[in-house]
Amino acid sequence: MGMDGVNGDGAQGAVAGDLRIGVFVCHCGGNISDIVNVETVVRQAAELPGVAVSTGHMFCCSDPGQAAIEQQIREQRLNRVIVAACSPSLHELTFRRAVARAGLNPYLFEHINIREHVSWVVEDKEQATRKAFRLIRAAVARAAHLAPLTKRRIQIHPSVLVIGGGIAGLTAARDLAARGIRVTIVESNPFLGGRLAQLYRIYPTGQRAREILDPLIRQVAADPLITVYTNAQLESSTGVIGDFRTTVRLTPRGVTEDCPDPQAAIDSCPEECVDQFNLGLSKRMAIYKPYDGCYPDLPAIDWRNCTKCGACFQACGGRGIQLDDQPQFVEIQSGAIIIAVGLNTYGPRHGEYGYGQYPEVITLAQMNRLLDPEGPTKGRLLVNGRTVRSVGFLHCVGSLQREGIHRPMADGKLNMYCSRVCCTTTMHTAEQVRERFPGVHVYDFHEDIRTYGRRHESYYDHVCEQGVAFIRFDPMRPPAVEADPKGEAALVVRTVDRLTAGEEIEVPVDLLVLATGLVARDMTRLIDLYRCSVGADRFLMEVHPKLRPVELAASGLFLAGSVQGPMDIGESTAAAAAAAAKASALISTGTIEMDPFVAEVREDRCSGCRICLNACPFSAITRNEEFARAEVNPAVCLGCGTCVATCPCNAIQQYGFSDEQIKAEVAALLAEKPEYGPGWQPRIVAFLCYWCSYTGADNAGTARLKYPANADIVKVMCSGRIDPELITSAFSWGADGVMVLGCHIGDCHYTSGNHKTMVRMPLVRRLLAQFGIEPERFRHEWVSAAEGEKFSRLVKEMTEQVRALGPLNWPSHLDAVGVGHGHDLEPWGEEQTCQITAD
Amino acid sequence: MAEIKQEYDGLVLGAGIAGMQAALDLAGQGFDVLLVERAPSIGGVMVGLNKVFPTLDCSSCICTPRMAEVAHHERITLLTYTELKHLERTARGFSVTLVKKPRYVVEEDCIGCAKCELACNVVVPHEFDYGLGAHAAVYIPHGNAIPQVAVLDPQYCMFDGACARACPTDCIDFTQQPEEINVQAGAVILATGLKLVPLDVKKEYGGGKYVNVMNPLAMERLQSPNGPYGHVMRPSDGKIPRSIAYVQCAGSRDKSIGVPYCSRICCMYALKQGIMIRQHLPETEVTIYHMDIRAFGKGYEQFYRRAVGEGIRVVKAKVARITEEPNKDLKLRVELIDEGGRVAEIRHDLVVLSQGVIPGWKPDGAAPVRIDEDGFFLIPEMAARPANSSHEGVFVAGVATGPKDIPDAIVEAGAAAMEAAMYLGRSQARAGGVQ
């Protein structure tokens, strides 16, 4: 895997020698300068150590403004740039680009928000000016610790592995190949096609499933960019995004292309066994093809049932039949992986609504096989050789399970979820029954009818018109099924009908179709190999169920189709194409660029304790067992910094958000001597996560919600980055109060960084109590991007709360409690070298 | 406004969540995309929502980073406040005529400071807040809008020049005219989104007549922390409602108004709004009158049960009529299905009509695509190629092909982008003489 260094290349020279910081303060056409006295701020900033240039500009973001910054960088040989203007969400990128144009590393730039966080929220001009200067002073202190960084570049192997050869996997493979990308499909069965091959007609088009499947398989099989492995099981996997290496085990097929007469081989087989393709409704031989036109169009031997008697071998004159082949192993390299292994149908327990007990009770999938003219009954509605006169459909078998009513699955969990496709499939199947067998009565037993999708409702409407009788049962009293005592029909279904005021009814039916739900496949192997996670419903879990539905938490892994949850065919093909789009984007770039704010382990300090391994939401940290050290994979790290705060040895640092940088910033915010007396203002440091809370504070600014000027914001990428030590340091340097604000639980940009915050902050509170710091001086809250009002309210409340307590003056107690030991208590001034600027 | 090139690989019409995702997924594959939005800001319906089901994520928290990604993407050009006038196939792809509506604000110069809005003396009902809040005649569309550029509504403007005097960059321009923009595009993705059936479509429910009969999207704004009031109140008197009813299928599954289909999202948003109401106002009763609860998606049934567990009453019933009491309370005449069809009259403080979803835009000859019976774009191969329209080279994403929740819209946007990328690859190969 190609991975360029994170550290500066060439730009490194710019850091050597003295600091030459340029400070540019934006007037924003009065938006800032009407409240903040820009002249004063510029003058004060000029006197800060290391500042070579300090100047104001009417609009820093304008072309002339940017040109002025670039000119100063060149003429004054600046090696750090600070722009104090609007929110970084608006123009941080603008200025980074300007800095880069002037030949300076773009990460030697600091963006200070003195509009949304100062001039728009502070009424008092003097206080606003002082706050603006404090923020600039902190940025100057932080700038001393900035290091040139480059975006991480990860090379991507130009091929994709698709796991699963059903409709989703095939669609994804076809689409990727159409974009010129090499694809390998691995399918665990001997034949492609998955569950779609077993369906007869599909909604909402009513077309035969194989009208979709067969041309797709032909296209995939003929595409020179696609390699197909059938009978292939996942064995092991290594690597990360850009360079996955997956080893698959190829079970021998037993039959090769050399076989002169495959049909003779099948006909000669004496071992009859259950035909899985027809869902147990018929038998087949141990050497078999599931249906005519399958792919590959070559029989396979079912090794569980084959006795190796040699009959097929003899029938083919010994050619093309290999009974003693050993499994082979192949390693497949790929830049990305699409998981499309699909799902299973729920298998009713013996006796569940008479299933297994009466042959007249079958599943919806079996009913589909019965309706297929190429199926076990050649499309006739026969059960046990008897013609069916009435059919009942019973919804939600294995879905919408309830405690006390249904028996849990093997893992002790109930299938609480809705299987999504069964209602419409049932309506569609009932429609076909009424159309093809007009004399057959159809009854529908349901709890709710969920025909949610496009054209679905029209099936429901149509079967109502066709005279299907609907009976709404009470889920707490599900129907009972038994043999019809009167012998009029095969079975009788007893239930209460809520549509007729809870009337108890008995419905005789010849055939009862259980609309069985869909269940996840066994994911153990995928979890082992790719560290995927599954939900309570046992389906694979996408990284964000709302916004990133086809991506897994680990970069470069995508999911397509019903491996994620029940889906119909159209939804599966859409998901497959969406996953292909993601993989295609990844491959077509060749390399991907990622923000350089990754974590790195300082080997000399790491004790190998493994604590950080669990802190990482993305499994980016592994332990090098040979050296007993943690290692961060920079290709996987997304830069939340949660591990940094977790490490007990201070052995992990985050580029762009190192302890030194954050501490220098906090110390400089608090560097002024507090003015005690009647006008005393408590000094509050607020640590805000960038994605939600910082944006929430911006939101307070755009809404012009005023709040006290004494809470200074320190930005981190995730609240999980906040080390308790940062909080105690802030107190020790003179803060009277500290706030930690992060995304609400569930909103975390890094999926679970804030979960760590949630666990850590109560401990901080206890720690502070030990130090004798009143609990009211510390506050931890969740503030979303929309909660500007909440942010301003929190600052107001906090200010009043701390004001009531009075100054903390904690530094004087420090020696007594032993805090700050080993930390740099000299707030700032003395230049430090940033330890993570590796060479 | 970024510079508009003559030619783009892809044109995406509509910058709601589906259009943004389609643009990102197409641009991510190396294609230049022109993303056109009719409203003054991108973000569509999603950016105005309070929370999303079933995760209860804050909608703007997860939507705004995606908006920023679109705005900063080097291969995406954003054109807001612009409508499609005409689209037709040519030898080289599609010839597209767009009309950029006048903002009366010079987009490049506006810094989004809202000084104009503060200086303006006119108060106009805010469309983003469904009329519950207000803005000035010149205004930034909303706090999370992208671009953060003001727009002036000449219908309400007094032309007293207050805004122009307040503007620090002198960017108010009363002389702007609609501007016609002609571009070539290799492929087109329609992500034109949704609207709700009119509030008054079912006269017997009194929507539009009774002030306390509400639109569900307006309820989202009331619940939003950045909404007009920051809490739920009755429009008639500002009181905290103590009993709220949701009438499901108010304009769905109803042949009489031409919307026979299920709108797919209403059950879930009613449950979600109910949960949020009960979290903030635990003493307020929420009743959902429904035909079926269609909690079909991933985690939806669990969400439904959670809602019931949190005290939301879910009643299978048909609502025949709503009448207003003198104190603006509402009386619902309902047939309680599970009680054998007993008819009852039930009083509520506030009623939300779960209005059906209809297409947000109709081509009316502007684009050569066919419309299906349900009014949404016709998809000839719904199972095999769900993002392909009736016209070669035109793809469809999101609610434009039928009601859809956010993840389904995002998935379909990815599919549309993939289809467009394959189509562009084929046509570029043809143009390059490569087989």
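Scan segment B:160-177 for residues that are within 13 Å of another protein chain (Cβ to nearest Cβ) and either open to solvent by 40 Å² or more (accessible area, probe 1.4 Å) or part of a loop (DSSP other than H, G, I, E, B) (or both) and report the count.
The total comes to 6.
Tell me yes or no: at least one residue of segment B:380-391 is touching a helix residue (DSSP H, G or I) at 6+ places or on another chain (Cβ under 7 Å), open to solvent by 10 Å² or more (accessible area, probe 1.4 Å), in a helix (DSSP H, G or I) and of a type in the set (A, V, I, L, M).
No - not one qualifying residue is present in segment B:380-391.
Within segment B:416-435, which residues are more than 7 Å from chain A (Cβ to nearest Cβ) and either outside any loop (DSSP other than H, G, I, E, B) or in contact with a Pro (Cβ under 9 Å, 6 or more places away or on another chain) (or both)?
B:A416, B:A420, B:Y423, B:L424, B:R426, B:S427, B:Q428, B:A429, B:R430, B:A431
Taking the residues in segment A:441-459 that are in contact with a helix residue (DSSP H, G or I) (Cβ under 6 Å, 6 or more places away or on another chain) and not basic (K, R) as candidates, determine which candidate is farthest from B:Y304 (Cα to Cα).
Looking at the filtered set, the residue picked out is A:V442.
If I filter segment A:177-192 down to residues being out of contact with any Ser or Thr (no Cβ under 6 Å at 6 or more places or on another chain) and within 14 Å of chain B (Cβ to nearest Cβ), which single residue comes out as nearest to A:W303 (Cα to Cα)?
It comes out as A:V183.
Run down A:E600, A:E625 and say which single residue is at pLDDT below 95, open to solvent by 10 Å² or more (accessible area, probe 1.4 Å) and in contact with a Phe, Trp or Tyr (Cβ under 9 Å, 6 or more places away or on another chain).
A:E600
Report, by residue number, each residue of segment B:124-141 that is touching a residue at least 60 places away in the same chain (Cβ under 8 Å) and in contact with a helix residue (DSSP H, G or I) (Cβ under 9 Å, 6 or more places away or on another chain).
Hits for segment B:124-141 are B:H126, B:F128, B:D129, B:Y130, B:G131, B:L132, B:G133.
Hey, which of the strands (runs of 3 or more DSSP E) in segment A:502-573, taking only ones fully inside, have at least 1 residues that are within 12 Å of chain B (Cβ to nearest Cβ) and modelled with pLDDT under 90?
Output list reads A:503-509.
Taking segment B:10-24 on its own, how many of its residues are of a type outside the set (V, I, T), away from chain A (no Cβ under 13 Å) and assigned to a strand (DSSP E or B)?
2
What pairs come up if the first residue lies in segment A:483-509 and is outside the structural domain of A:D448 (by TED's automatic domain parsing) and within 21 Å of B:A317 (Cα to Cα), the second is hydroxyl-bearing (S, T, Y) and not in a strand (DSSP E or B), and their beta carbons are under 6 Å apart, counting only those six or more places apart or on different chains?
none
Answer yes if at least one residue in segment A:140-160 is within 24 Å of A:K706 (Cα to Cα) and buried (at least 24 other Cβ atoms within 10 Å of the Cβ), and no otherwise.
The answer is no, given that none of the residues of segment A:140-160 is within 24 Å of A:K706 (Cα to Cα) and buried (at least 24 other Cβ atoms within 10 Å of the Cβ).
Which count do you get for residues in segment A:102-141 that are within 37 Å of the chain's Cα centre (by Cα) and more than 22 Å from A:G656 (Cα to Cα)?
Of the residues in segment A:102-141, 5 are within 37 Å of the chain's Cα centre (by Cα) and more than 22 Å from A:G656 (Cα to Cα).
When you scan segment B:337-352, do you find a residue that is over 23 Å from the mean Cα position of the chain (by Cα), under 21 Å from B:E419 (Cβ atoms) and within 11 Å of chain A (Cβ to nearest Cβ), even just one?
No.
Filter segment A:20-66 for residues that are without any contact (Cβ under 8 Å) to a residue 24 or more places away in the chain and over 16 Å from A:Q127 (Cα atoms); which is nearest to the other protein chains (Cβ to nearest Cβ)?
Among residues in segment A:20-66 that are without any contact (Cβ under 8 Å) to a residue 24 or more places away in the chain and over 16 Å from A:Q127 (Cα atoms), the one nearest to the other protein chains (Cβ to nearest Cβ) is A:G30.
Hey, any hits in segment A:338-353 for a residue that's open to solvent by less than 50 Å² (accessible area, probe 1.4 Å) and under 17 Å from A:R249 (Cβ atoms)?
The answer is yes, given that some residue of segment A:338-353 is open to solvent by less than 50 Å² (accessible area, probe 1.4 Å) and under 17 Å from A:R249 (Cβ atoms).
Which one is most open to solvent (accessible area, probe 1.4 Å), of the residues in segment B:355-379 that are in contact (Cβ under 8 Å) with a residue 40 or more places away in the chain, within 14 Å of chain A (Cβ to nearest Cβ) and in a strand (DSSP E or B)?
B:I358
Could you list, in sequence order, the residues of segment B:397-415 that are more than 7 Å from every other protein chain (Cβ to nearest Cβ), touching a Lys or Arg at 6+ places or on another chain (Cβ under 8 Å) and outside any helix (DSSP H, G or I)?
Across segment B:397-415, the qualifying residues are B:P403, B:K404, B:D405.
Quick check: is even one residue across segment B:136-159 part of a strand (DSSP E or B), more than 11 Å from chain A (Cβ to nearest Cβ) and surrounded by fewer than 16 Cβ atoms within 10 Å (Cβ to Cβ)?
No; the residues of segment B:136-159 include none that is part of a strand (DSSP E or B), more than 11 Å from chain A (Cβ to nearest Cβ) and surrounded by fewer than 16 Cβ atoms within 10 Å (Cβ to Cβ).
Testing B:G93 on (1) at positive phi; (2) open to solvent by 20 Å² or more (accessible area, probe 1.4 Å), one condition comes back false. Which one is that?
(2)
Within segment B:334-354, how many residues turn out to be buried (at least 17 other Cβ atoms within 10 Å of the Cβ) and not in a strand (DSSP E or B)?
2
In segment B:267-279, is there at least one residue being within 12 Å of another protein chain (Cβ to nearest Cβ), open to solvent by 10 Å² or more (accessible area, probe 1.4 Å) and modelled with pLDDT of 95 or more?
Yes; the residues of segment B:267-279 include at least one that is within 12 Å of another protein chain (Cβ to nearest Cβ), open to solvent by 10 Å² or more (accessible area, probe 1.4 Å) and modelled with pLDDT of 95 or more.
Restricting attention to segment A:257-271, which residues are assigned to a loop (DSSP other than H, G, I, E, B) and either open to solvent by less than 40 Å² (accessible area, probe 1.4 Å) or of a type in the set (F, W, Y) (or both)?
Scanning segment A:257-271 gives A:C259, A:C269.
The values are calculated or read from the model by the stated rules, or taken from the named source; none is laboratory data. Values in this document were obtained by computation on a predicted structure and should not be read as measured data. Note: ideal-geometry Cβ built from the backbone for every residue, glycine included; neighbour counts use all protein chains shown. Side chains are part of the model used for accessible areas, which takes the heavy atoms of the whole protein and leaves out ligands, DNA and RNA. Shrake-Rupley method; radii C 1.70, N 1.55, O 1.52, S 1.80 Å.
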